[in-house]
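Everything on this sheet refers to the single structure shown next.
The values are calculated or read from the model by the stated rules, or taken from the named source; none is laboratory data. Given the structure is predicted, the values throughout are model-derived calculations rather than measurements. Note that each Cβ is placed from the backbone with ideal geometry, even for glycine, and that neighbours are counted across all protein chains shown.
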Amino acid sequence: MKFPALLRCLPLLFIAIASHARAEDGYRLWLRYELVADEPLRTAYSQAINRVVLATANGTESPTTTAARTELVAGLRGLLGREIAVDLTKSTAPTLPGGDDAYALRLERGKPSQVVITANRDIGVLYGAFALLRQIQTARPVAQLDHLSDAPRIKRRLLNHWDNLNRFVERGAAGFSLWNWFTLPEVIDPRYTDYARACASIGLNGTVLTNVNANATVLTTPYLEKVAALANVFRPYGVRVYLTARFSSPKEIGGLPTADPLDPAVQAWWKTKTAEIYRYVPDFGGFLVKANSEGQPGPQDYGRTHADGANTLADALAPHGGVVIWRAFVYSHEAPDDRAKQAVTEFGPLDGKFRANVFVQVKNGAIDFMPREPFHPLFGAMPRTPLAPELQIAQEYLGGSTQLAFLAPMWKETLDADTFCAGAGSTVAHVIDGSVDRHSDSAIAGVANTGTDRNWTGHPLAAANWFAFGRLAWDHSLTSAAIAEEWTRMTFSNETAVIHPITEMLLASRETVVNYSMPLGLHHIMAEGHHYGPGPWVAEAGRADWTSVYYHRADANGLGFDRTATGSNAISQYHPEVAKIFGDPKLCPEKYLLWFHHVPWDRPLASGRPLWDEIALHYQAGVDEVRAWQKSWNALAGHIDNERLTHVAALLKRQESDACFWRDGCLLYFQTFSKRPLPAGVEPAYQPLEYYRDFRLRYYPGNPGEK
Ligand code: BDP
C-alpha cells in the first residue's frame, strides 16, 4: 500500500481499533451474543434452530413481538453466526399456567427442526426469547430447549431509581442518571431502549424513575411529557413506569394551602393529577411514596396516619388500575425507642387499614441496607397488607461501585428466612409472593445501581447484582450459585477456567465485605454522610440514631446492642419461634450476635476464642480474602479481555486498601474499650487511630450531603 493510500485508511483503522477496544467495555452487559465457542455445540444448535416461531394469542405483530424478533435475529446471528428467520403464528396451545408473563419453549425436531415459543401474552414471548438466548449463551445442552417453561412468582418486579431531576443519583456511584430530563422528550437516547432490553431480559417489568426523596416537579405537565417519552420506549419491553409522589405536591405544584389527605380539595387534586398522568402514560404503574421519613412531608404533618395518606393516593389511582407503594422506612428521633422497632410500631397497627391497591414496601432489614441484617420483623406482621421487599442493588454500605460485593447471597438470606407467621415454612419469600396470606398482587423492588458509566454499573462485576435482582425477582427459589454462574457465562465466557474463579469470588464477596466492615452483627458503624468507610467513633450527628455509638454500644465490658428483654426488646417483634432463637445468645447465629446482644469481650464464641479475638480475626479474614481474589483474578489473564481484566484488577487493589482501612480503624477504636492485644495472625494497623478518625473522604459519588 502506498503511503497516501495508507493515510486514507487511517481513520478506518482507527475506528477498527477503537471499536475493538470498546468491544468489551461492558456496555452489552450479559447480552453479548458472542459466537458459541464450543463448535460441536454450535453445530448442534444450528441444526436444531432453523427457524423460531412465536406463537401468540392472536398471531399478529405488535411492538413486543417485534422486539422479540429483533432480539432473536441479532442474538442468534451473534451466537450461531447465521441468519435465522423468526415467524409469528396464532397459538393453538391451551393457556399456560402462571399468568400473563408465562412462556413455554418447544423444540420441534422436524425437517427442518425449529423452536416454538408459546405464551399467553406477547410479553411472555419476549421473556421466552430471552430464555432461549440465555440457554445458548450459557451453553446448555440443546435437548433442554424442549419443554422449557417458566413463569414469575412475583407480579411486579421493579427497579427503584434514586435519580434526581438534575441527574444526581442519590447513593449512585456509576455516573449520572440515565434519564436526560433536559433533552427529553425530543431526544430519545438509544440507551433507553438498551435499558429496557436489559430489564426485560431478566424479567423486570417496572421502573420507578425518580428518587424517593421526591421532587414534585416530575408531576408537572412538561415533565409528564418527558415521562411519557420514556414510557413509550419501555412499553414494548413490558417495563411499566412508576413515579415517586412527593406528598406535599398539592401545595407545591397544585397551589393548595394544604396537603392534608382528608381534605376534599387535596383528594380532588390527586384525582385530577392522576387522570392527567394516565392521559400521558395509559399503563402508568403507580406511585412510590416516602412519607414522614427523614424529613420528607407526609400525612402525619396533618395528624393523619400513613394509611390515610396512602388511601388518598390509592383512591385516585384505583379507577386507572394503578397502585400505591408506601414505604415503611420510617423512624423518628423524637421517638425514644430503638430505631429497629419503629416500623413495626407504626405500621403493625395499620394492617387491614389500607386500600386493596396499596403495597407497603419494607427494606430487607429493620435498620438500613447494612451489609448484614436479620430479616425485617414487619415481614410476617402485616398479614392483611401485601408487602413488597425493598432490596438495595446499589451498594450504599458495601463499597458502592468500587468494591466487589455480589448481593444474591444477602438477598437470599432474607428471602429464605422463616418468619413462622403462619407456621414453619412461612418464609419471607412466601410472604411477599402472596402465597402465605393469599394476596393476588405481589411486588418486589431493587434500588438500582445504574448510571451513565459506559458499563452501566461502574464496577464491571456490579452488573451481576442488577442481573441477580431480576432473576430472583422472577424466581426467588433460584440459588445464588446458579445465578452467579449464569451471569459469569453470559458476561465473560463458558470456559471452566473463567467460570470457577469468578463465581467463587462472587459468591464469597458479600461475606468478605461483612468480615472487613461489620462482622458478627455489627451495624451502622460507617462514616457519616458518604457511608463508604468506617466511622465507629461517630458519636455526634444530626440525631442520635445517625451515630455509630448508638448501634455498637462498645464499653469496657463488651460490645453490641442488647435487643432482648433486658434491652430494647426488639426481639419481641418477631414470632416467638424466631424470638426464642435470636433472643438467646447461645442459640443466636453468630452472624447476628452483636445485633441482638451486648457481649462481654472475653466471652468465648463457638470457636472457643473470646469475642475480641474473634472480631479481630474476622476483620483480618476480610482483608486476606480480598488478597486471595487478587491472585485468582490475575490468573484470568489470557482468558478474558484485557479491558475488564485490568479494570477489575485495579478495583481489587483499591478494595484491599479499603479493607485494611476498615480493619485498622475499627480494631484500633474497639481496642480502646477491650484493652486487649490483637490475636496472632492479625496485622497491626498501618497508622494510629487518629489518622483513621480524622480522615476525610471527599466527594464520594452519590452522597447527597456533599454536592
Ligand atoms: C438511606 C440512604 C438515604 C435514603 C434513605 C431511604 O442513606 O439516602 O434516602 O435510605 O431509603 O439508606 O429513604
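Let's see how each residue does on (1) modelled with pLDDT of 95 or more; (2) farther than 26 Å from GLY285 by Cα; (3) more than 16 Å from the ligand (Cβ to nearest atom):
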{"position": "TYR331", "(1), (2), (3)": "no, yes, no"}
{"position": "LYS353", "(1), (2), (3)": "yes, no, yes"}
{"position": "LYS363", "(1), (2), (3)": "yes, no, no"}
{"position": "ALA366", "(1), (2), (3)": "yes, yes, no"}
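For segment 112-134, the tally of residues that are within 21 Å of ARG157 (Cα to Cα), buried (at least 24 other Cβ atoms within 10 Å of the Cβ) and polar (S, T, N, Q) stands at 0. The residues on offer are LEU398, LEU387, and the sole one that is within 24 Å of the chain's Cα centre (by Cα) and in contact (Cβ under 8 Å) with a residue 60 or more places away in the chain is LEU398. May I ask you to verify whether ALA606 is modelled with pLDDT of 95 or more, in a loop (DSSP other than H, G, I, E, B) and under 24 Å from GLN342 (Cα atoms)? When the stated conditions are applied, ALA606 does not pass them. Would segment 285-298 turn up any residue that is free of Cβ contacts under 8 Å to residues at least 40 places away in the same chain, away from the ligand (no atom under 16 Å from the Cβ), over 26 Å from PHE596 (Cα atoms) and outside any strand (DSSP E or B)? No, the conditions are met nowhere in segment 285-298. State yes or no: is ALA381 out of contact with any Pro (no Cβ under 7 Å at 6 or more places or on another chain), aliphatic (A, V, I, L, M), within 16 Å of the ligand (Cβ to nearest atom) and in a loop (DSSP other than H, G, I, E, B)? For ALA381, the condition - out of contact with any Pro (no Cβ under 7 Å at 6 or more places or on another chain), aliphatic (A, V, I, L, M), within 16 Å of the ligand (Cβ to nearest atom) and in a loop (DSSP other than H, G, I, E, B) - is not met.
Just checking, which of ALA463, ALA541, ALA481 is of a type in the set (A, V, I, L, M) and modelled with pLDDT under 95? So that I can check it myself, show each step before the final result.
Numbers: ALA463 fails: modelled with pLDDT under 95; ALA481 fails: modelled with pLDDT under 95.
After ruling out the rest, the residue left standing is ALA541.
Looking only at segment 608-617, decide whether some residue is under 20 Å from TYR331 (Cβ atoms) and in contact with a helix residue (DSSP H, G or I) (Cβ under 8 Å, 6 or more places away or on another chain).
Here is the first cut: in segment 608-617, the ones under 20 Å from TYR331 (Cβ atoms) are none.
No - not one qualifying residue is present in segment 608-617.
Would you mind listing the helices (runs of 4 or more DSSP H) fully within segment 526-603 where at least 1 residues are more than 30 Å from PRO701 (Cα to Cα)? Walk me through how you get there before you give the answer.
Numbers: elements: 549-552, 576-582, 593-596.
It comes to 576-582, 593-596.
Determine if segment 448-460 includes at least one residue that is part of a strand (DSSP E or B) and touching a strand residue (DSSP E or B) at 6+ places or on another chain (Cβ under 6 Å). Checking segment 448-460: not a single residue is part of a strand (DSSP E or B) and touching a strand residue (DSSP E or B) at 6+ places or on another chain (Cβ under 6 Å). Just one of the listed residues (LEU605, LEU617) is in contact with a strand residue (DSSP E or B) (Cβ under 9 Å, 6 or more places away or on another chain) and at negative phi, and it is LEU605. Of the residues that make up segment 305-327, is at least one within 16 Å of the ligand (Cβ to nearest atom) and at pLDDT below 95? No, there is no match, as no residue in segment 305-327 is within 16 Å of the ligand (Cβ to nearest atom) and at pLDDT below 95.
Table: residues versus (1) among the small types (Gly, Ala, Ser); (2) in contact with a Cys (Cβ under 7 Å, 6 or more places away or on another chain); (3) farther than 24 Å from GLY322 by Cβ; (4) in a strand (DSSP E or B).
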residue	(1), (2), (3), (4)
ARG140	no, no, yes, no
PRO152	no, no, no, no
ARG157	no, no, no, yes
GLU186	no, no, yes, no
ARG191	no, no, yes, no
ASP194	no, no, yes, no
ARG197	no, no, yes, no
THR210	no, no, no, no
ASN213	no, no, no, no
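Taking GLN403, is it away from the ligand (no atom under 13 Å from the Cβ), assigned to a loop (DSSP other than H, G, I, E, B), in contact (Cβ under 8 Å) with a residue 24 or more places away in the chain and not hydroxyl-bearing (Ser, Thr, Tyr)? Yes; evaluated as a whole, the condition is true for this residue.
Restricting to segment 333-351, count the residues that are within 13 Å of the ligand (Cβ to nearest atom) and either among the hydrophobic types (A, V, I, L, M, F, W, C) or within 27 Å of ARG279 (Cβ to Cβ) (or both). Talk me through it step by step, then tell me what you get.
Residues of segment 333-351 that are within 13 Å of the ligand (Cβ to nearest atom), as a first pass: 339, 343.
Now drop any that are not either among the hydrophobic types (A, V, I, L, M, F, W, C) or within 27 Å of ARG279 (Cβ to Cβ) (or both), which leaves 343.
Qualifying residue count, segment 333-351: 1.
Considering TRP456, TRP466, the condition of being away from the ligand (no atom under 16 Å from the Cβ), surrounded by 23 or more Cβ atoms within 10 Å (Cβ to Cβ) and on the phi > 0 side of the Ramachandran plot is satisfied by TRP456 alone. Would you confirm whether or not segment 433-445 contains a residue that is away from the ligand (no atom under 16 Å from the Cβ), among the polar types (S, T, N, Q), without any contact (Cβ under 8 Å) to a residue 60 or more places away in the chain and farther than 21 Å from LEU29 by Cβ? Yes, the conditions are met somewhere in segment 433-445.
Scanning segment 657-707 for residues that are surrounded by 12 or more Cβ atoms within 10 Å (Cβ to Cβ), within 16 Å of the ligand (Cβ to nearest atom) and among the charged types (D, E, K, R) yields a single hit, GLU706. Pairing each residue of segment 580-605 that is over 17 Å from HIS552 (Cα atoms) with any residue that is in a strand (DSSP E or B), provided the two are 6+ apart or on different chains, yields C-beta distances under 8 Å for PRO604/PRO610. So, PHE375, is that one at pLDDT 95 or above and within 12 Å of the ligand (Cβ to nearest atom) or not? Taking the combined requirement at face value, the residue does not satisfy it. Among the residues of segment 218-251, the ones that are without any contact (Cβ under 8 Å) to a residue 40 or more places away in the chain and either part of a helix (DSSP H, G or I) or crowded, with 19+ Cβ neighbours inside 10 Å (or both) come to 5 in all.
Just a yes or no: is a residue in segment 385-398 hydroxyl-bearing (Ser, Thr, Tyr) and within 16 Å of the ligand (Cβ to nearest atom)? Walk me through it before giving the result.
Of segment 385-398, the ones hydroxyl-bearing (Ser, Thr, Tyr) are 385, 397.
Next, only the ones that are within 16 Å of the ligand (Cβ to nearest atom) stay: 397.
Yes, because at least one residue in segment 385-398 is hydroxyl-bearing (Ser, Thr, Tyr) and within 16 Å of the ligand (Cβ to nearest atom).
Applying a threshold of 6 Å to beta carbon distances and a minimum spacing of six or more residues, or different chains, the list of pairs starting in segment 191-214 at a residue that is away from the ligand (no atom under 16 Å from the Cβ) and ending at one that is in a loop (DSSP other than H, G, I, E, B) and hydroxyl-bearing (Ser, Thr, Tyr) is empty.
Might you check whether a residue that is of a type in the set (D, E, K, R) and at positive phi occurs anywhere in segment 558-570? Among the residues of segment 558-570, not one is of a type in the set (D, E, K, R) and at positive phi, which makes the answer no. Residues in segment 152-173 that are more than 13 Å from the ligand (Cβ to nearest atom) and touching a Phe, Trp or Tyr at 6+ places or on another chain (Cβ under 6 Å): PRO152, LEU165, ARG167. Each residue in segment 653-689 was checked for being in contact with a Lys or Arg (Cβ under 9 Å, 6 or more places away or on another chain), of a type in the set (A, V, I, L, M, F, W, C) and touching a residue at least 24 places away in the same chain (Cβ under 8 Å), and 3 of them qualify.
Every condition in (1) closer than 30 Å to HIS647 by Cα; (2) part of a strand (DSSP E or B) holds for PRO389 except the one numbered (1).
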